[in-house]
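Right, one structure below, let's go through it.
The values are calculated or read from the model by the stated rules, or taken from the named source; none is laboratory data. Keep in mind that what you see is a predicted model, and the values were worked out from it rather than measured. Counting neighbours? That spans all protein chains shown, and the Cβs are built from the backbone with ideal geometry, glycine included. Side chains included, ligands, DNA and RNA excluded: accessible areas come from the protein's heavy atoms. Shrake-Rupley method; radii C 1.70, N 1.55, O 1.52, S 1.80 Å.
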Amino acid sequence: MSSEIERRGLMLVLSSPSGAGKTTLARKLMDSDSAVTMSVSATTRSPRKGEEEGKDYFFVSPSMFVEMEKSGAFLEHALVFDNRYGTPREPVMLALAKGRDVLFDIDWQGTQQLRQQAGDDLVSIFVLPPSHEELERRLRARAQDSEDVVAARMARASNEISHWAEYDYVVINDDLESTLDKIKTILAAERMKRGRQTGIHAFAAKLTS
Ligand code: 5GP
């Protein structure tokens, strides 16, 4: 069966301003596709209500973050909203070596760093909110952050959005299910790229022998 053809795992990045629905999309994609591993970042920010250690983030102290950074434990790292975030290198490398795809919920700074390291193995998607009003509504609906945090995030959202053109794909999240379908379509097509199907040479050779 063609689905058994060996292929190289890819790195799928989802970026968006906070409040565009990316975290929900990432979770839904993980639930629907067993070949995808989520990269769990380390962060110096405090956990929000309901967030779990090791599932949503590894919550680390600023000094621990610096230790990790110095020891080369991060594939990429960045300062976002006064907090530091980094992608632990080892789990990503292990997953890719097993031919699994790895999903990243990281910002534009991290995406640029991964692009430099991973080149063609990286597939990046920028998720845009349907409108300014909807973005603000979604940020307020979270109600976990104080007014000034919401205001600061709205201001920074425009900075994040200004990087959309650096991404391979751009999707507008006006409806969660149809946006999820679009992301699944992108992933399905990227998996079929000739260069990623490392087992296709042998398969094709058998067909013609
Ligand atoms: P939040 O604090 O709302 O979970 O995330 C804030 C922002 O940091 C989001 O845009 C998220 O994508 C980004 N982020 C989360 N983890 C990482 C990471 O490991 N590296 C980078 N560069 N950005 C991250």
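Report every pair of residues separated by at least 6 positions or lying on different chains whose Cβ atoms are under 8 Å apart, first residue within the stretch 57-77 and within 15 Å of the ligand (Cβ to nearest atom) and among the acidic types (Asp, Glu), second open to solvent by less than 80 Å² (accessible area, probe 1.4 Å) and assigned to a strand (DSSP E or B). Final answer for the pair search is Glu69/His77; Glu69/Gly86; Glu76/Gly86; Glu76/Thr87.
Filtered by the rule that a residue be within 16 Å of the ligand (Cβ to nearest atom), in contact with a Phe, Trp or Tyr (Cβ under 9 Å, 6 or more places away or on another chain) and of a type in the set (Val, Ile, Thr), the stretch 1-48 gives Val13, Val40, Thr43, Thr44. Checked against (1) out of contact with any Lys or Arg (no Cβ under 7 Å at 6 or more places or on another chain); (2) within 28 Å of Thr185 (Cβ to Cβ), Ala155 meets all criteria but (2). Filtering the stretch 81-114 to residues that are surrounded by fewer than 18 Cβ atoms within 10 Å (Cβ to Cβ) and of a type in the set (A, V, I, L, M) leaves Met93, Leu94, Ala97. Please work out if Thr198 is under 22 Å from the mean Cα position of the chain (by Cα) and more than 16 Å from Lys22 (Cβ to Cβ). No, not satisfied. Under the condition of being over 20 Å from Asp107 (Cβ atoms) and either out of contact with any helix residue (DSSP H, G or I) (no Cβ under 7 Å at 6 or more places or on another chain) or among the small types (Gly, Ala, Ser) (or both), the residues counted in the stretch 156-183 number 6. So which residues in the stretch 45-62 are open to solvent by 80 Å² or more (accessible area, probe 1.4 Å) and over 19 Å from the mean Cα position of the chain (by Cα), if there are any at all? Result: Ser46, Lys49, Pro62.
For the stretch 89-109, residues that are over 24 Å from Ser32 (Cβ atoms) and within 12 Å of the ligand (Cβ to nearest atom) total 4.
The lone criterion from (1) free of Cβ contacts under 8 Å to residues at least 12 places away in the same chain; (2) open to solvent by less than 40 Å² (accessible area, probe 1.4 Å) left unmet by Ala204 is number (2). When Ala151 is tested against (1) more than 20 Å from Gly119 (Cβ to Cβ); (2) more than 16 Å from the ligand (Cβ to nearest atom), just one condition goes unmet, and that condition is (2).
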